[in-house]
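Written below as structure tokens is the structure these notes are about.
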Amino acid sequence: RTGEAHALLAEAAHWTAARFPLLADALQRSGLGADWATLLWEAASLPPARLVAAADALTAAGRTDDGRQILRQGVARPATEIGEAVLALDTEGRHREARALLDTYVQVRTPEEAAHSAEPDPVRLVPLLLRSAQSFSDQCHWDVLHALRVAGLAV
């Protein structure tokens with residue numbers, strides 16, 4: 001019945017963000033920690049705004065490592081998809097969510113991949129990308145700036 005269990009976990013990954021900490025607690029109490037890891041993996045494919053909401057809910061419930069993990073897994077998407085997601089969140093006025101997504105992306109992907117995330121709209125994304133890189137470290141900022149220049153995206 002592992003196929004049925006996996007289907008249920010995939011479905012649960014699409015529930016509201018507020019339910020994630022409750023699911024985590026219930027699965028862990030039942031000795032189903034591996035299923036919690038599967039649910040996090042499934043949730044990483046949520047649309048970016050919902051992904052950040054799930055990470056926020058986990059962090060608010062004291063499950064900071066789970067919140068970080070879901071974001072790290074969620075930024076495994078193609079660079080341009082991340083850039084488009086950041087643009088959409090920023091356009092909607094969801095600056096904190098856009099920043100959370102971009103901060104995680106800059107920390108876990110290569111500078112070259114980070115630079116490619118600015119391709120959808122370099123004018124808007126380059127400053128956001130550089131701000132995220134700077135918040136991580138001076139070296140990260142320099143590496144991303146260099147990658148942006150090589151890609152022809154920095155002014």
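The values are calculated or read from the model by the stated rules, or taken from the named source; none is laboratory data. None of these values were measured; they are calculated from a predicted model. Cβ atoms come from the backbone with ideal geometry, glycine included; neighbour counts cover every protein chain shown. These accessible areas exclude ligands, DNA and RNA; they are computed on the full protein's heavy atoms, side chains included. Shrake-Rupley method; radii C 1.70, N 1.55, O 1.52, S 1.80 Å.
Okay, residues lined up against (1) among the hydroxyl-bearing types (Ser, Thr, Tyr); (2) under 27 Å from Leu129 (Cα atoms); (3) at pLDDT 95 or above:
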{"residue": "His6", "(1), (2), (3)": "no, no, no"}
{"residue": "Ala10", "(1), (2), (3)": "no, no, no"}
{"residue": "Leu27", "(1), (2), (3)": "no, no, no"}
{"residue": "Ser30", "(1), (2), (3)": "yes, no, no"}
{"residue": "Trp41", "(1), (2), (3)": "no, yes, no"}
{"residue": "Gly67", "(1), (2), (3)": "no, yes, no"}
{"residue": "Ala88", "(1), (2), (3)": "no, yes, no"}
{"residue": "Leu101", "(1), (2), (3)": "no, yes, no"}
- [ ] Within the range 14-53, work out how many residues are surrounded by 14 or more Cβ atoms within 10 Å (Cβ to Cβ), in a helix (DSSP H, G or I) and either more than 18 Å from the chain's Cα centre (by Cα) or not aliphatic (A, V, I, L, M) (or both).
- [x] 12
- [ ] Starting from residues that are open to solvent by 80 Å² or more (accessible area, probe 1.4 Å) and of a type in the set (A, V, I, L, M, F, W, C), keep the ones in the range 119-148 and report whichever is farthest from Arg99 (Cα to Cα).
- [x] Trp142
- [ ] Please find, among Leu87, Leu101, the residue that is touching a Lys or Arg at 6+ places or on another chain (Cβ under 8 Å) and in a helix (DSSP H, G or I).
- [x] Leu87
Task: Among (1) farther than 30 Å from Asp143 by Cβ; (2) out of contact with any Asp or Glu (no Cβ under 8 Å at 6 or more places or on another chain) - the single one Leu27 does not satisfy - done: (2)
- [ ] Go through (1) open to solvent by 30 Å² or more (accessible area, probe 1.4 Å); (2) under 23 Å from Glu119 (Cβ atoms) and name the single condition Glu4 misses.
- [x] (2)
Open item on the list: Go through (1) more than 19 Å from Val123 (Cα to Cα); (2) within 13 Å of the chain's Cα centre (by Cα) for Arg63 and report which single condition fails.
Closed with: (2)
Open item on the list: Filter the range 65-101 down to the residues that are under 22 Å from Pro111 (Cβ atoms), surrounded by fewer than 18 Cβ atoms within 10 Å (Cβ to Cβ) and β-branched (Val, Ile, Thr) and list them by number.
Closed with: Thr80
